[in-house]
Amino acid sequence: MNTPTSNEAGQEWQRDGSEIVWTRFYGPWRVEARCPVAAPFNGPSELTIRLAVGGSAREVEEGMDAALETDGIPANLLRQIPLAEIKAGARAALATQDDRAMNEPYPVPARCRTEEDYTLLVAELVRMRATGTTAPQGELAGRLGIGKATMSERIKRSKELGLWDGQRLTDKATALLTQWWREQEGN
């Protein structure tokens, strides 16, 4: 079994440009999770597993032997990757980033009229869910001073407009949100 290398097992998230990165070694395998700081979600957008042998000739030989023995990435390594721990750590690490777009709520208007309004609505729901809000629809409805039925109708309308698929923002919504951010930066 590949056990985490003791000196790497407790490594915290590290900043790397516009991403935060978590790294752990399991025998000769390097597992890395990357999270973009400005993404409208928490959790990794990339998970990489690669053979990472190096050091002395003996260490290289042992690492290669382990990789040859399993004929590549072993299935039990995939089961050992603590994805829930990675996501929880990412959530905590992202909350401390000064340039994190998700720290500020989206300015959802009290009445949704345009596609941009509906995009801000679903983007805010995604942000709230990603930051740990257990009932984002109810909380947002309360914040806007509308009923839960009205909120449900707005979410339904966002699906009809092709902005929300029930789980995440669509490409159309992401494009509208990107445009909205550009306009905000220009002001």
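The values are calculated or read from the model by the stated rules, or taken from the named source; none is laboratory data. All values reported here derive from a predicted model rather than from experimental measurement. As a convention, Cβ positions derive from the backbone with ideal geometry for all residues, glycine included, and neighbour counts pool all protein chains shown. Calculation scope for accessible area: heavy atoms of the full protein, side chains included, ligands and nucleic acids excluded. Shrake-Rupley method; radii C 1.70, N 1.55, O 1.52, S 1.80 Å.
Quick look at the numbers
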| quantity | calculated |
| --- | --- |
| Within segment 148-169, considering residues that are among the small types (G, A, S) and within 14 Å of V126 (Cβ to Cβ), the one surrounded by the most Cβ atoms within 10 Å (Cβ to Cβ) | S158 |
| Lone qualifier among A141, A110, A135, A123 - being touching a Pro at 6+ places or on another chain (Cβ under 9 Å) and on the phi < 0 side of the Ramachandran plot | A123 |
| Output for segment 100-142, where each listed residue is without any contact (Cβ under 8 Å) to a residue 12 or more places away in the chain and of a type in the set (D, E, K, R) | E104, R111, R113, D117, R129, E139 |
| Helices (runs of 4 or more DSSP H) within segment 23-132 that include 2 or more residues within 30 Å of G145 (Cα to Cα) and either open to solvent by less than 30 Å² (accessible area, probe 1.4 Å) or not hydroxyl-bearing (S, T, Y) (or both) | 83-95, 115-130 |
| Among the residues listed as R111, R127, the single one being modelled with pLDDT under 90 and either touching a helix residue (DSSP H, G or I) at 6+ places or on another chain (Cβ under 8 Å) or among the basic types (K, R) (or both) | R127 |
| Residue match in segment 12-21 (condition: open to solvent by less than 60 Å² (accessible area, probe 1.4 Å) and under 16 Å from Q80 (Cβ atoms)) | no |
